[in-house]
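What follows is a single structure, written as structure tokens, with notes after it.
The values are calculated or read from the model by the stated rules, or taken from the named source; none is laboratory data. What you are looking at is a predicted structure, and each value in this text was computed from that prediction instead of being measured. Every residue, glycine as well, gets a Cβ built from its backbone with ideal geometry; the counts of neighbours run over all protein chains shown.
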Amino acid sequence: MSAPDIAIDVRGLTKSFGGRVVVRDLSMQVRRGTIYGFLGPNGSGKTTTIRMLCGLLTPDKGEGTCLGYDIRTQAREIKRHVGYMTQRFSLYQDLSVRENLEFVARLYGMPDPPAAARAMIARLGLEGRERQLAGELSGGWKQRLALGACTLPNPQLLLLDEPTAGVDPKARREFWNEIHALAAEGLTVLVSTHYMDEAERCHEIAYIAYGELLAHGTVEGVIERSKLVTYTVTGDDLQRLAAELEHRPGVDMVAPFGGSLHVSGRDPQALEAAIAPYRDRPGLNWTRSGPSLEDVFIELMTRARDNF
Amino acid sequence: MSVLGAADAPGAAPTNGFWRRTWAMLIKEFIQLRRDRVSFAMIIMIPLMQLVLFGYAINTQPRDLPTAVLLHERSDVGRAILAALANTRYFRITHEVRTEAEFDRLMASGQVLFGIEVPAGFERALRRGDRPALLIAGDATDPVAAGSALGALAQVAQTALAYERGIPEFSSPPFEIRAHARYNPAASTQLNIVPGLVGTILTMTMLIFTALSVTREIERGTMESLLSMPITPIEIMLGKIVPYIIVGFLQASLIIGAGVWLFGIPVLGSLALLAGLSTLFITTNLSIGYTFSTLAQNQLQAVQMAMMFFLPNILLSGFMFPFAGMPGWAQWIGEALPLTHYLRIVRAILLKGATFVDLHYDAAILLGLMLVAMTIAVTRFRRTLD
């Protein structure tokens with residue numbers, strides 16, 4: 001029995017396709033009213049996990065609840081209270097904005113579908129476009145419409161699968177403002193993304209790679225627990241430096257960031273020893289800094305691959 | 001150094017690249033073809049199916065046509081004539097009836113194509129040399145099926161009684177055969193084909209409409225969203241079938257209307273009955289198309305399945321070739337196809353004025369096929385993306 005303030009509570013979820021394990025022993029808890037970021041590289045099992053949460057896939061192993069409903073046996077109730085926005089645009093391209101929304105409203109048995117659709121069109125700022133075919137909308141508008149369609153039946157939980165992939169920065173920002181507004185109304189939002197800046201807009205995050213949940217918590221907590229020490233190097237010929245440092249013991253990760261280079265390691269002493277010969281090289285400027293979230297994730301991923 | 005030199009070796013013909021690129025395309029097409037199992041099956045199945053059906057099943061000079069006899073007297077002569085008729089191999093006596101009404105019912109429901117009536121006092125009249133008349137009624141709604149059998153009758157009259165004694169030599173032939181082509185005395189092929197076309201066109205369009213319906217949702221990605229919403233497989237199926245019932249109904253009305261106005265097809269039976277049974281037939285085909293849609297991986301496969309189903313419907317239903325003339329196994333397959341039953345229904349209602357009592361068997365089969373298809377569709381429908 002999960003506590004009433006927990007929206008998602010799953011343990012040991014495992015799913016494989018054709019003998020290939022896509023999600024392995026995944027457990028997570030998401031509190032109600034939070035925006036929970038779900039991060040990880042392509043093919044890490046994010047979509048599969050989300051589909052298991054909303055009853056579109058049956059886990060091979062594991063159990064749990066979504067809004068208090070059993071994910072194995074109560075898929076119908078889950079579908080009634082969960083809004084799922086698919087990665088690929090999945091509204092009807094040959095229906096207009098209004099027709100798509102009315103379809104959803106009717107399907108969920110809302111009392112006045114045309115009024116519900118009108119209200120959502122106003123909320124989305126799509127007035128004047130309601131007769132336009134969904135397939136003709138630009139990428140950003142499509143995402144807004146898809147979000148509108150899955151929030152229309154007043155769900156308690158939103159599952160958004162890479163909602164902002166391929167959307168321009170302005171539309172992305174507006175989209176996130178909307179998500180925060182929805183969370184403020186009490187909705188729980190699980191959102192998967194590749195973008196690090198989006199991770200920082202979440203209350204909590206989880207990082208998944210190769211089907212395994214590697215880290216979770218607040219952004220600060222995840223960075224802190226990584227125990228990663230990072231040096232930022234600026235100067236000349238950073239490419240050559242990167243090549244030289246990459247395979248030295250003590251250096252766990254070297255990553256270029258614009259005009260600078262991030263050199264990170266889990267063991268501070270080993271890292272110091274590794275970079276010592278280069279610190280006095282003329283033209284280089286070394287500063288010790290905290291790792292960025294991206295440093296942490298890339299390091300987690302590299303380590304997970306080594307263990308894989 | 002030539003500008004094209006990078007692609008073509010110096011001195012080589014400039015077509016080298018042409019063959020290389022064509023080869024690349026060709027290899028790719030072969031790989032894709034090999035992966036596409038259903039296309040591959042079509043390449044093998046369609047010619048085999050056509051070969052077997054045209055070679056073995058189809059007979060434009062049909063034999064063993066089901067025939068009812070009405071005997072008003074039991075005599076050696078009568079028996080000899082019936083044996084001679086059976087010996088032509090055009091007629092196969094399947095029913096013996098006692099009244100004309102009984103015979104009319106068999107004919108209207110299409111269970112027999114011919115009826116032979118030996119009148120009372122036939123033998124006595126024959127021996128007196130009065131040249132009595134043997135009455136034969138043929139169902140001419142399919143002129144091809146009836147034509148050659150009726151043509152063989154003259155010879156029967158000449159030879160049937162060659163070994164019977166005591167028949168006056170001077171009257172040759174000793175009796176008269178009075179053949180009556182029922183329902184379509186002018187043997188107009190339009191009267192046969194136009195009602196048949198109603199069924200054929202409906203089969204083709206209805207199958208394709210629903211065969212695409214589920215695969216289209218999967219291919220366009222809308223299925224994922226649909227499955228995440230609270231809707232059941234039965235609700236999806238009915239929602240997809242019902243609109244096309246109306247479309248099919250309009251189509252049927254159009255063809256029948258045109259048949260009546262342009263070709264003078266008679267409407268002897270009840271239009272309400274025709275409308276009701278046409279709706280059943282339309283729904284059956286939509287259900288079968290929908291079933292294909294739940295089985296196919298993509299839209300191309302769904303269309304291919306529909307075509308594979310359409311072909312036997314055309315060839316074995318009695319639309320193109322007489323049903324009664326096909327061998328037993330082909331008739332069994334034909335009995336399992338909706339078009340076979342609808343052809344009987346539409347011809348019987350329009351041309352014979354049949355009522356529901358005559359057609360309840362065909363209606364029951366259509367209903368059965370529809371329920372089987374719907375059951376398969378609902379159980380095969382994937383509620384999840386597993």
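For region B:372-386, the candidate set comprises residues that are without any contact (Cβ under 8 Å) to a residue 60 or more places away in the chain and not charged (D, E, K, R); within that set, the residue that is nearest to the other protein chains (Cβ to nearest Cβ) is B:Thr379.
I need the full set of residues from region A:79-93 which are more than 8 Å from chain B (Cβ to nearest Cβ), under 16 Å from the mean Cα position of the chain (by Cα) and not in a strand (DSSP E or B), in order please. Selection gives A:Gln87 alone. Residues of region B:175-230 that are touching a residue at least 12 places away in the same chain (Cβ under 8 Å), of a type outside the set (A, V, I, L, M) and not in a helix (DSSP H, G or I): B:Phe175, B:Glu176, B:Arg178, B:His180, B:Arg182, B:Tyr183, B:Asn184, B:Pro185, B:Ser188. Just one of the listed residues (B:Leu191, B:Leu227, B:Leu238, B:Leu254) is over 15 Å from B:Asn285 (Cα atoms), of a type in the set (A, V, I, L, M, F, W, C) and surrounded by fewer than 17 Cβ atoms within 10 Å (Cβ to Cβ), namely B:Leu254. Answer yes or no as to whether B:Ile365 is touching a residue at least 12 places away in the same chain (Cβ under 8 Å) and farther than 29 Å from B:Ile234 by Cβ. Answer is no for this residue. Determine if region A:171-180 includes at least one residue that is surrounded by fewer than 19 Cβ atoms within 10 Å (Cβ to Cβ), in a strand (DSSP E or B) and at pLDDT 90 or above. No, every residue in region A:171-180 fails to be surrounded by fewer than 19 Cβ atoms within 10 Å (Cβ to Cβ), in a strand (DSSP E or B) and at pLDDT 90 or above. A:Asp161 meets each of the listed conditions (1) among the charged types (D, E, K, R); (2) modelled with pLDDT of 90 or more; (3) exposed (fewer than 15 other Cβ atoms within 10 Å of the Cβ) apart from (3).
One residue stands out among those in region A:48-75 that are within 12 Å of chain B (Cβ to nearest Cβ) and among the aliphatic types (A, V, I, L, M): the one that is farthest from A:Glu212 (Cα to Cα), which is A:Ala75.
Considering only residues of region B:85-109 that are of a type in the set (Gly, Ala, Ser) and within 18 Å of B:Ala179 (Cα to Cα), which is farthest from the chain's Cα centre (by Cα)? Looking at residues that are of a type in the set (Gly, Ala, Ser) and within 18 Å of B:Ala179 (Cα to Cα), I get B:Ala86.
If we scan region B:268-286, do we find a residue that is within 26 Å of the chain's Cα centre (by Cα), within 14 Å of chain A (Cβ to nearest Cβ) and within 21 Å of B:Phe381 (Cβ to Cβ)? No, because not a single residue in region B:268-286 is within 26 Å of the chain's Cα centre (by Cα), within 14 Å of chain A (Cβ to nearest Cβ) and within 21 Å of B:Phe381 (Cβ to Cβ). Does any residue of region A:235-245 turn out to be of a type outside the set (D, E, K, R), surrounded by 19 or more Cβ atoms within 10 Å (Cβ to Cβ) and touching a Ser or Thr at 6+ places or on another chain (Cβ under 7 Å)? No.
Scanning region A:78-93 for residues that are under 13 Å from A:Ala134 (Cα atoms) and surrounded by fewer than 24 Cβ atoms within 10 Å (Cβ to Cβ) turns up A:Phe89, A:Ser90, A:Tyr92, A:Gln93.
With respect to B:Ala324, is the statement that it is assigned to a helix (DSSP H, G or I), touching a residue at least 12 places away in the same chain (Cβ under 8 Å), more than 30 Å from B:Pro230 (Cβ to Cβ) and in contact with a helix residue (DSSP H, G or I) (Cβ under 8 Å, 6 or more places away or on another chain) true? Considered against the rule, which asks whether it is assigned to a helix (DSSP H, G or I), touching a residue at least 12 places away in the same chain (Cβ under 8 Å), more than 30 Å from B:Pro230 (Cβ to Cβ) and in contact with a helix residue (DSSP H, G or I) (Cβ under 8 Å, 6 or more places away or on another chain), B:Ala324 comes out as yes. Looking across region B:88-119 at every residue that is in contact with a helix residue (DSSP H, G or I) (Cβ under 8 Å, 6 or more places away or on another chain) and small (Gly, Ala, Ser), the one that is surrounded by the fewest Cβ atoms within 10 Å (Cβ to Cβ) is identified as B:Ser109.
A search for C-beta distances below 7 Å between a residue of region B:94-112 that is farther than 18 Å from B:Glu73 by Cα and any residue that is surrounded by fewer than 18 Cβ atoms within 10 Å (Cβ to Cβ), counting only pairs 6+ apart in sequence or on different chains, returns B:Thr94/B:Pro66; B:Leu106/B:His95; B:Gln111/B:Pro66; B:Val112/B:Pro66; B:Val112/B:Thr94; B:Val112/B:His95.
Yes/no per residue for (1) among the hydrophobic types (A, V, I, L, M, F, W, C); (2) out of contact with any helix residue (DSSP H, G or I) (no Cβ under 9 Å at 6 or more places or on another chain); (3) in contact (Cβ under 8 Å) with a residue 60 or more places away in the chain:
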| position | (1), (2), (3) |
| --- | --- |
| A:Trp176 | yes, no, no |
| A:Glu185 | no, yes, no |
| A:Glu198 | no, no, yes |
| A:Ala209 | yes, no, yes |
| A:Val233 | yes, no, no |
